[in-house]
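Scroll down for the structure; my scribbles are underneath it.
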Amino acid sequence: MQTEILKIHDPEKDIAALKRAAEFIRDEEVVAFPTETVYGLGANAWSAGAALKVFAAKGRPADNPLIVHICDMAQLDEICTGMPEMAKKLAAAFWPGPLTMVLAKKQTIPSEVTAGLDTVAVRFPAHPVAHALIKEAGVPIAAPSANLSGKPSPTIFSHVRDDMMGRVAAIIDGPGAEIGVESTVVSFEDDNVRLLRPGGITPEDIHDCLGCEVIIDRAVTGKIDDTEKVSSPGMKYRHYAPSCPLTVVDAPIDSFISYVKHHSDGKKVGILCFDGEENLFPGYEVLTFGNEGDAASQANALFTAIRDLDQKHPDLIFAREAEAGGVGIAVRNRLHKAAGFAIIRPNKI
Ligand code: AMP
Ligand code: MG
């Protein structure tokens, strides 16, 4: 398939490219577009056929649903049967923004979009290009992340091009994702909120807004086995993975270095460490992911670092442990999933 590259940095100026992208969406073709979390692979949310094209382009398992993106609260009436009070409060506080809410679905959304579930995940993105595209298309846009299934989510145009060239109708070359990890996904049960995927909106943010308990789903912090029933289908899949094994070594830098030296055995070893530590590993393939103690910078850099390190084809990768707290819960979740939850604590053995 021929893939058009559409440059849209400013939706008000790049209006011809914006109209072209919107036309593809209305015509039930797939368009990759930037959002503030990661790039999305967008399809007309009313079209079963367009949704199936997204699954095909990604190589995504058919049981892993898409998120429906809106640009206007009025669109919700056509998508879901109603919103719990808690959802209304979260929308008022965090939309537009990196929060996805699982709500009861209306028949209008094809079951291909929601992988047969009777719920639909909805987000109102803040990125100006995403917003302009949904508005110009005149339809909500169903989209997962724009990576090939299993790869780290793309945060910049060149990553999307690497994965999706020839597989989709168009890719928007626009300003990259500022947050760098996918949206926070929550569902509602009784009087509480369940965190299905951590992201830019933290459990603390949600607790401060609603005052209720935020239940952290088990799948956020630990490995789920294949037979377990999960609250969000995406939890089952190994995500964000480089091509070789990745191990998180949770230790201060000195112990990290000594652990790595003792476990390199003549192999080509990749290192994921923090900015400023790169010179501590002569002879290794080294990439950094943000500053120690700064979870937001780690979120922004992690997927790029994993992708770039993977390009160097190491035999194995050792990574520093990400920051805890705030958006750190999202960074740790992605890093630990990339590691298949292989985490070593050398000082504690
Ligand atoms: P992606 O944006 O590629 O990470 O894919 C969307 C994510 O949202 C996946 O992890 C899905 O499991 C999750 N998701 C989408 N719809 C639902 C839903 N109705 N219930 C629970 N999780 C959902
Ligand atoms: Mg994804």
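Across 136, 182, 36, mean-square fluctuation computed from a Gaussian network of the chain (C-alpha pairs under 10 Å connected) peaks at 136.
Overall dimensions of region 49-140, expressed as equivalent-ellipsoid semi-axes from the Cα gyration tensor (√(5λ), whole Å, largest first), are 21, 17, 12. 3J(HN,Hα) along region 159-173: 5, 5, 4, 4, 8, 10, 4, x, 10, 9, 5, 8, 10, 7, 9 Hz, from the Karplus curve 6.51 cos²θ - 1.76 cosθ + 1.60 with θ = phi - 60°, whole Hz, x for Gly and Pro. Which of the trypsin sites (Lys or Arg not before Pro) across region 1-99 are loop residues per DSSP, with 16 or fewer other Cβ within 10 Å? Within region 1-99, the qualifying trypsin sites (Lys or Arg not before Pro) (loop, at most 16 other Cβ atoms within 10 Å) are 13. Counted over all Cα-Cα pairs of the chain, pairs farther apart than 38 Å make up 15 percent.
Can you tell me what share of the DSSP beta bridges in the chain is antiparallel? A percent to the nearest 5 is fine. Expressed as a percentage, antiparallel bridges in the chain total about 40. In this structure the amide hydrogen of residue 95, modeled in the peptide plane, comes within under 5 Å of no amide hydrogen from residues 5 or more places off or on another chain. Of interest is the spacing of the C-alpha centroids, which for region 60-84 and region 292-349 amounts to 31 Å. By the compact-protein rule of thumb, 2.2 N^0.38 Å, the alpha-carbon radius of gyration of region 149-241 corresponds to a ratio of 1.32. Stretching residue 9 away from residue 106 to a fully extended chain increases their span by 31.5 nm, per 0.36 nm per residue minus the current alpha-carbon distance. Shape descriptor for region 1-105: Rg over Rh equals 0.98 (Cα atoms; Rh from the Kirkwood inverse mean 1/r).
Shape descriptor for region 226-349: Rg over Rh equals 0.96 (Cα atoms; Rh from the Kirkwood inverse mean 1/r). Of 232, 255, 187, which has the largest mean-square fluctuation in a 10 Å C-alpha GNM of the chain? Of 232, 255, 187, the Gaussian network model singles out 255 as fluctuating most. The H on the amide N of residue 217, modeled in the peptide plane, is under 5 Å from the matching H of 195, each at least 5 residues off or on a different chain. Report summary: the helix-based calculation at 222 nm, which adds -39500 (n - 2.57) for every DSSP H run with n ≥ 4 and divides by the residues of the chain, gives -8500 deg cm²/dmol.
Loop-located trypsin sites (Lys or Arg not before Pro) in region 222-321 (DSSP state not H, G, I, E or B) with no more than 15 neighbouring Cβ atoms inside 10 Å: 223, 229, 238, 267, 268, 312. In region 1-143, the DSSP beta bridges split such that about 80 percent are antiparallel, to the nearest 5. Across region 81-94, computed HN-Hα scalar couplings (Karplus, 6.51 cos²θ - 1.76 cosθ + 1.60, θ = phi - 60°) run 7, x, 10, x, 3, 4, 5, 4, 5, 5, 4, 5, 7, 10 Hz from first to last residue, x flagging Gly and Pro. For residue 35, the residues whose modelled amide H falls within less than 5 Å of its own, excluding neighbours fewer than 5 places apart on the same chain, are 40.
Bear in mind these aren't lab numbers, they're just calculated from the coordinates by the rules spelled out. Only a predicted model underlies this, so the values are computations on that prediction, with no experimental measurement involved. Positions of Cβ are backbone-derived with ideal geometry, glycine not excepted, and every protein chain shown enters the neighbour counts.
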